[in-house]
1. Could you tell me which residue out of Phe40, Ala81, Gly91 lies farthest along the dipole of the stretch 7-97 toward its positive end? Charges go on the beta carbon: Lys and Arg +1, Asp and Glu -1, centred on the Cα centre.
2. List the aspartates and glutamates whose alpha-carbon lies under 19 Å from that of Lys88, not counting same-chain residues fewer than 8 positions away?
3. Leaving out ligands and nucleic acids, note down the accessible area per residue over the chain with a 1.4 angstrom probe, in whole Å².
4. Taking the square root of 5 times each eigenvalue of the Cα gyration tensor, what semi-axes in Å does the equivalent ellipsoid of the chain have, largest first?
5. Mind listing P(r) for the stretch 41-93? All alpha-carbon pairs, 10 Å bins, whole percents.
6. Where the accessible area of the chain is counted over protein heavy atoms with a 1.4 Å probe, how much of it, in %, is carbon and sulfur?
Amino acid sequence: VNVADTGKIRTVTIDLDIDHTYRGDLTVKLRHGDVSVPVFDGRSVDNQSEDHVKLTSEVVNGFESGDVSGDWELIVTDTWAADTGSVKSWGLKIEVE
(Lines give C-alpha, C1' and ligand atoms only; values in the text may rest on other atoms or scores of the structure.)
Protein backbone atom coordinates (compact mmCIF):
# COMPACT_ATOMS: atom_id res chain seq x y z
CA VAL A 1 0.00 0.00 0.00
CA ASN A 2 1.40 3.40 -0.92
CA VAL A 3 0.54 6.29 1.39
CA ALA A 4 0.87 9.76 -0.15
CA ASP A 5 -0.11 11.66 3.02
CA THR A 6 2.56 13.37 5.10
CA GLY A 7 3.06 13.61 8.83
CA LYS A 8 4.66 11.83 11.75
CA ILE A 9 3.14 8.51 12.81
CA ARG A 10 1.35 8.46 16.15
CA THR A 11 -0.22 4.97 16.03
CA VAL A 12 -0.64 2.11 13.56
CA THR A 13 -3.35 -0.54 13.82
CA ILE A 14 -3.96 -3.46 11.48
CA ASP A 15 -6.96 -5.55 10.49
CA LEU A 16 -5.95 -8.91 9.05
CA ASP A 17 -7.88 -11.94 7.82
CA ILE A 18 -5.95 -15.01 6.65
CA ASP A 19 -7.40 -18.44 5.86
CA HIS A 20 -4.79 -21.16 6.38
CA THR A 21 -4.90 -24.86 7.18
CA TYR A 22 -2.46 -24.50 10.12
CA ARG A 23 -1.84 -21.00 11.49
CA GLY A 24 1.12 -22.21 13.55
CA ASP A 25 3.13 -22.21 10.30
CA LEU A 26 2.69 -18.49 9.70
CA THR A 27 4.66 -15.39 10.54
CA VAL A 28 3.43 -11.95 9.54
CA LYS A 29 5.43 -8.72 9.47
CA LEU A 30 4.61 -5.16 8.49
CA ARG A 31 7.37 -3.23 6.73
CA HIS A 32 7.66 0.48 6.09
CA GLY A 33 10.96 1.86 4.86
CA ASP A 34 13.80 0.27 6.82
CA VAL A 35 11.54 -0.82 9.69
CA SER A 36 10.05 -4.31 9.84
CA VAL A 37 7.79 -5.17 12.79
CA PRO A 38 6.32 -8.58 13.73
CA VAL A 39 2.52 -8.63 13.66
CA PHE A 40 1.81 -12.35 14.16
CA ASP A 41 3.96 -15.37 15.05
CA GLY A 42 2.07 -18.64 14.80
CA ARG A 43 4.66 -20.50 16.86
CA SER A 44 3.83 -18.42 19.92
CA VAL A 45 0.02 -18.57 19.87
CA ASP A 46 -2.36 -20.98 21.55
CA ASN A 47 -4.22 -23.38 19.26
CA GLN A 48 -1.61 -23.38 16.50
CA SER A 49 -3.67 -25.92 14.55
CA GLU A 50 -6.58 -23.52 14.02
CA ASP A 51 -7.30 -22.51 10.43
CA HIS A 52 -7.49 -18.74 10.60
CA VAL A 53 -5.63 -15.62 11.64
CA LYS A 54 -8.00 -12.75 12.38
CA LEU A 55 -6.75 -9.52 13.89
CA THR A 56 -9.00 -6.53 14.46
CA SER A 57 -7.57 -3.12 15.32
CA GLU A 58 -4.35 -4.78 16.52
CA VAL A 59 -1.81 -2.13 17.58
CA VAL A 60 1.53 -2.42 15.79
CA ASN A 61 4.34 -0.78 17.77
CA GLY A 62 7.62 0.27 16.23
CA PHE A 63 6.70 2.93 13.67
CA GLU A 64 6.02 5.80 16.09
CA SER A 65 7.38 9.24 15.09
CA GLY A 66 8.40 8.01 11.63
CA ASP A 67 7.17 9.58 8.40
CA VAL A 68 3.87 8.07 7.24
CA SER A 69 4.44 8.52 3.50
CA GLY A 70 5.71 5.74 1.28
CA ASP A 71 5.15 2.03 0.79
CA TRP A 72 3.72 -0.21 3.50
CA GLU A 73 4.17 -3.96 2.90
CA LEU A 74 2.56 -6.96 4.55
CA ILE A 75 4.95 -9.92 4.53
CA VAL A 76 3.41 -13.32 5.22
CA THR A 77 5.71 -16.33 5.50
CA ASP A 78 4.49 -19.92 5.53
CA THR A 79 7.22 -22.05 7.11
CA TRP A 80 5.78 -25.43 6.10
CA ALA A 81 5.07 -26.64 2.55
CA ALA A 82 2.28 -29.09 3.43
CA ASP A 83 -0.33 -26.48 4.37
CA THR A 84 -1.98 -23.83 2.23
CA GLY A 85 -3.82 -20.58 2.66
CA SER A 86 -4.45 -17.08 1.45
CA VAL A 87 -4.73 -13.53 2.69
CA LYS A 88 -8.42 -12.66 2.43
CA SER A 89 -8.05 -9.01 3.46
CA TRP A 90 -5.90 -6.57 5.35
CA GLY A 91 -5.95 -2.90 6.11
CA LEU A 92 -4.16 -0.26 8.14
CA LYS A 93 -5.32 2.67 10.20
CA ILE A 94 -2.53 5.18 10.71
CA GLU A 95 -2.97 8.17 12.99
CA VAL A 96 -0.56 11.04 12.38
CA GLU A 97 0.49 14.07 14.41
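1. Among Phe40, Ala81, Gly91, the one farthest towards the positive end of the dipole of the stretch 7-97 is Gly91.
2. Asp15, Asp17, Asp19, Asp25, Asp41, Glu50, Asp51, Glu58, Glu73, Asp78
3. It amounts to 60 Å² per residue over the chain.
4. 27, 12, 11
5. 15, 48, 28, 9, 0
6. The computed percentage sits at 45.
The values are calculated or read from the model by the stated rules, or taken from the named source; none is laboratory data. In this text, all values refer to a predicted model and were calculated from it rather than measured experimentally. Positions of Cβ are backbone-derived with ideal geometry, glycine not excepted, and every protein chain shown enters the neighbour counts. What goes into the accessible areas is simple: the full protein's heavy atoms, side chains included, and nothing from ligands, DNA or RNA. Shrake-Rupley method; radii C 1.70, N 1.55, O 1.52, S 1.80 Å.
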